[in-house]
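What follows is calculated from the coordinates using simple rules that are stated; it is not laboratory data. Note that the structure is a prediction, hence the values are computed from the model and not measured. Backbone-built Cβ (ideal geometry, glycine too); neighbour counts: all protein chains shown.
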Amino acid sequence: MQVVGNDTGLAQTPTGSIIVSNNVFTPNGVEGDEKIFEVKSSNNDDVVTLKVFNRFGVLVFSAEDKVCRWNGRSSDGQKLDKGVYIFRAEVVGALPTILMLGDITLLDNEK
């Protein structure tokens, strides 16, 4: 397993990369604001696993798809409080496995 990551939103290895959208978003934003957090692999055939944890380390959202999107809601659809969340993105099937860890700031997720 290869753990990679940087502040540019790109985790790159010789076998591929994980691409992350802006890590600050606001689901209730105005036109032009980032309204979703997105993670994908540079290889369109790879599947990505995304896990999002709250500040206490509790898993609040998970997805596994070619493109994973998080809209600030829990896996069961409840709006989450604004704040900083931790994400773990992993490319499934890449050799070596590509793993990226980082943080996401969720703004203005009013109920």
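At 1.567 mPa s and 4 °C, plugging the Kirkwood radius over alpha-carbon pairs of region 54-106 into Stokes-Einstein gives what diffusion coefficient in µm²/s?
106
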For this session: Subtracting the Cα-Cα distance from 0.36 nm times the residue separation, let me have the gained length for Glu64 to Lys35 in nm, one decimal.
Result: 8.5 nm
Problem set entry | 17 Å reach of a label modelled at Gln78, 7 Å along Cα-to-Cβ, counting backbone N of region 32-62 | 52-62
